[in-house]
Each structure stands twice: as C-alpha cells, then as structure tokens.
Amino acid sequence: MQQTKCDLIIKGSYILTQNDERELIEDGAIAVSGTTISAVGKSADIEAAWVADETVDCGKSVILPGLINSHTHVPMTLMRGVADDLPLLEWLHNYMFPIESGLTKDLVELGARLGCAEMIASGTTAIFDGYMYEDVVGKAVDETGIKAVLGEGFFKLPSPFFKTAQDAWGVIEALHNQFASHERIKTAITPHAVFTTDPDQLAESMELAERLDLLWQIHAAESVPETKLTLDTFGKRPIEILKEYGLLRERTRLHHCVDVTDEEISWIREAKAMIAHNPQSNLKLGSGICPLTKFIEAGVTTGLGTDGAASNNNLDMFDEMRTAAMLQKGFLQDPEAMPAQAVLDMATVSGADFLGFGDNGAIKAGMKADIIAINMDKMHLKPVYNPLSHVIYSAGGQDISLTVCDGQALYREGKFLTVDVETISREAEKAVEWALKRIENR
Ligand SMILES: [Zn+2]
C-alpha cells in the first residue's frame, strides 16, 4: 500500500475522540499534517497508511483534545493566594482593584507567561481571556504556542486605564487589528460587568462588537450581592439589563450566571447567547451555585472556565471538570446529574463553540491538531475500566505527558518546549513584594 507523508503521528492506548459519536479508539493513532489532523484510527491502520517525520508513542495513555478554558484572566496568576476567604465585592474592591490599578505591561506579560506555562503543562490549549494590556497577553500566547480569544477589559469611565470611551474603543480596535491575521488569536469586546460599567456604555461597546464582528463577553449574575447592587443602582437585575438594552445576542458570552431565574435562562437560550460555568471560583468566593443542568437542558451552549488564578487558585481544567461534575450531583442530590461525558463536552466541543474556534475541540480529520495525552502509568489511574471516568474523576493536570497545539508540541514528558520556566519562576517570586505594597497603600 502506498503510504502518505505526514509530519507527526501520535499513538496511545486510548483516544477519546470527542467526535460526533463520542467514539473511543483503543490502541489508536493520529496523523498530523501541519496544523491539522489528517487521520485518526487504530494504530496499525494509521501506521500502514501514513509515514511521519516523527512518531510520538505515548504508551499507556489516554489521548484527548486539548482542553478549552472558557473563562480566565491569565495574568492574575501573579495574584494567586494574595487574598483568600473573602466575599466577592470586598475581594474585588480591597484587593484586586488596588493591585490591578498599578499593573504595568511587564507585570501583565509575566503573569500571562506564568499562566500559559501552567496551562500548557496541565493540558489546556485554548483560553477565553479578559484583562488589561491584552496586547502583551497576546505576545505571551503567541510565543508559548497556545490559542486564545483576548478581551481588553474596561470599567465605568473614566477608569485608571481609560479616560474616555474613545480611548477604550481605540485600544480595543488596535488590539483587534494587531491580531486580525493571527492563526491562533482572536479578540473580543470585554466590559467587566453590568455593575462596574453602565448600560449606555455597554450598548455602545456592542455596536463596536457588531462593527468589528467580534464576540462580546461580560461577567453576569455572578452572585446575589451583585444582583442586589445592580438592582439598587439600575432598578433591574443584571440579565434584565442586558435584555432591555438588546445585549443578549448570538455573539454574547456570559460568565458565571449563578443568580439567574428560569425566565432569564429562557431569554439567554432564545438569544442563542452562551455561558461559561466556573464552579471553583463560584465556590471559593461563596458566590453560589450555577443552575448548570437547567442551562444544558435548555440547550444553552456551556463552556467551562477556571476564572483567574486569584479565585481558584489554579488553572487546572481537570480539577475544574471534576468539581463541575461533583457540584451538581451534590447540589441536586442526584448522582446522575452532570455525567462524565457531559463534563468533558463542556471542556472540549462546547468550549470550542464558546470561543468561536469551530475547528477545535475534537480529534477527527480536518480539525486543528490540539491534542493532549494523560500518562496512565500511575497508581491513581489503575486499573482502567473506562478511560473517560479516569479523565473526569481521577486524573489531574499533573498527569499530562504531552501537549500539542496546532500540530506543535509545547510540552512533553515534563519538559516545556516553548517556555523558559526558570526565568518566569524567578521573576514571578519578585512580584510578591510589589503586590503587597499596593495593598498596604490602598
Ligand atoms: Zn472572571
């Protein structure tokens, strides 16, 4: 048989393809050409049909699509552990905002590099980010090799970052232009939240999203105190405001949606807007529990996110998947709620829709080669009855042995191939003194 040439073949004991049939392939292999998957199947068949420049045999392993983190603020790794065990509004106003108002581009880039490294090593290949100075977050994303939707965040104006709306729209449009032709980076319009902006400004930012044809993301209905604050300020609940101003649209991406009514869920569904679920952040900040199964039953596409590392406190999507499964079971007193497959879907295929990366999230021919492998040769992953069960309930980010994004290996057997982790680690330690000073002087 004539063999076809490809760049890379990846082999392993199991492939969780996440294709339309959610097929599991035993003793499987993937042929990769350039940035794209050329073929998937049994190892014997793939190796008979394809000849590769390089073959990576992952041995006893589960191979699956790179995980997609639908909500994060990647530079917040620098604030990991600076303030814990506080209510959301106190945490934001007394700790996060005083630190963030003094951030420099260098610090944001450092935090982003640290976060990208952490995610690469724990199997995440794509993120939906929102923060300040996203041009340097983009630099970190570009150089470390993952993919991202980047959102330059803005608050009620004037803010420490933008004096006028014109300033903000100018920076956002420049960011969009900077990455317009980038293969792995897109941008999104990113107001922080209803209670930290104002409705007219939100409406104006949506016009910009329409003009540039970008996704529009916002923290929405994260907690009961947020709802109260929004009611006190505007006389309406957060999702009501979004509806009234015509901001629930197909391009709308809502983060959290914890304090929502059944009627609000139906508005979100009708608008074909999507939500990101962030269970660990919601638990840690005592924000409450998102009625996730109601959203999924309603047919709302739902991604999964870690939120920033200051409210989680890691960016490990395996940790997040396990929490997402457990939380709904306990909350609803129903062990059948959020089965493992539904949770993996959030972190792969649904996440790809959430980010607007339609050719991501599954291992099948024609899709982008975002591929990770879990080393199953570990005591806590033995024996194997069902690989999917181990992915959701037993494995952790530390079990990742291979991370490939767009066909490029970023991490392999404990080695970072695109990140200088020693320099990042050294510099990150230095940020502590700076952050503590910002809090002292607030
Ligand atoms: Zn957030």
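The values are calculated or read from the model by the stated rules, or taken from the named source; none is laboratory data. Keep in mind that this is a model prediction, so the values were computed, not measured. Glycine also receives a Cβ, built like all others from the backbone with ideal geometry; neighbour counts cover every protein chain displayed. Keep in mind that these areas ignore ligands, DNA and RNA; they rest on the heavy atoms of the full protein, side chains included. Shrake-Rupley method; radii C 1.70, N 1.55, O 1.52, S 1.80 Å.
Here is how the numbers come out for the structure above:
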quantity: ASP142 accessible area, 1.4 Å probe, all protein chains in place, Å² to nearest 10; calculated: 60
quantity: Solvent exposure, largest accessible area first (probe 1.4 Å, DNA, RNA and ligands not counted), of MET1, MET326, MET206; calculated: MET1, MET326, MET206
quantity: Rounded percent of accessible protein surface that carbon and sulfur make up, the range 242-382, 1.4 Å probe; calculated: 48
quantity: Solvent-accessible area of ARG269 with every protein chain in place, 1.4 Å probe, in Å² to the nearest 10; calculated: 100
quantity: Accessible surface, 1.4 Å probe, highest first, among residues PHE179, PHE161; calculated: PHE161, PHE179
quantity: GNM top mover of ALA48, ALA220, ALA121 - the chain, alpha-carbon springs below 10 Å; calculated: ALA48
quantity: Sparsely packed chymotrypsin sites (Phe, Trp or Tyr not before Pro) within the range 332-434, loop by DSSP, other Cβ within 10 Å at most 16; calculated: TYR385
quantity: Those lysines that a straight Cα-Cα span of less than 16 Å connects to LYS147, excepting residues fewer than 8 apart in one chain; calculated: LYS139, LYS186, LYS368
quantity: Shape of the range 95-238, Cα gyration tensor, a/c cut at 1.5; calculated: prolate
quantity: Two-site FRET efficiency, LYS382 against LEU417, from Cβ-Cβ distance with R₀ of 30 Å, rounded to 0.05; calculated: 0.55
quantity: For the range 128-173 versus the range 177-222, the gap between their alpha-carbon centres in whole angstrom; calculated: 10
quantity: 10 Å beta-carbon shell around THR55, net charge (K/R +1, D/E -1); calculated: -3
quantity: Euclidean distance between Cα centres, the range 317-343 to the range 14-93, Å; calculated: 20
quantity: Accessible area in square angstrom per residue, the chain, 1.4 angstrom probe; calculated: 39
quantity: Accessible-area composition of the range 37-106, carbon plus sulfur, in percent [1.4 Å probe]; calculated: 49
quantity: Cα gyration tensor category, rounded, prolate or oblate, for the range 64-179 with a/c compared to 1.5; calculated: oblate
quantity: Rounded, prolate or oblate (a/c below 1.5 giving rounded, otherwise prolate when a/b exceeds b/c) for the range 67-355 by Cα gyration tensor; calculated: rounded
quantity: Heavy-atom accessible area order for LYS437, LYS284, largest first, 1.4 Å probe; calculated: LYS437, LYS284
quantity: Straight-distance crosslink candidates among aspartates and glutamates, where the alpha carbon sits under 17 Å from LYS415 and sequence neighbours closer than 8 are dropped; calculated: ASP57, GLU118, GLU143, ASP399
quantity: Count of lysine pairs in the range 1-116 with Cα separation under 30 Å (8 or more residues apart, or interchain); calculated: 5
quantity: Cα long-axis angle, helix 224-234 against the chain (0 to 90 degrees, to the nearest 10); calculated: 40
quantity: Partner lysines for LYS272 [C-alpha distance under 20 Å; skip if fewer than 8 residues away on the same chain]; calculated: LYS243, LYS294
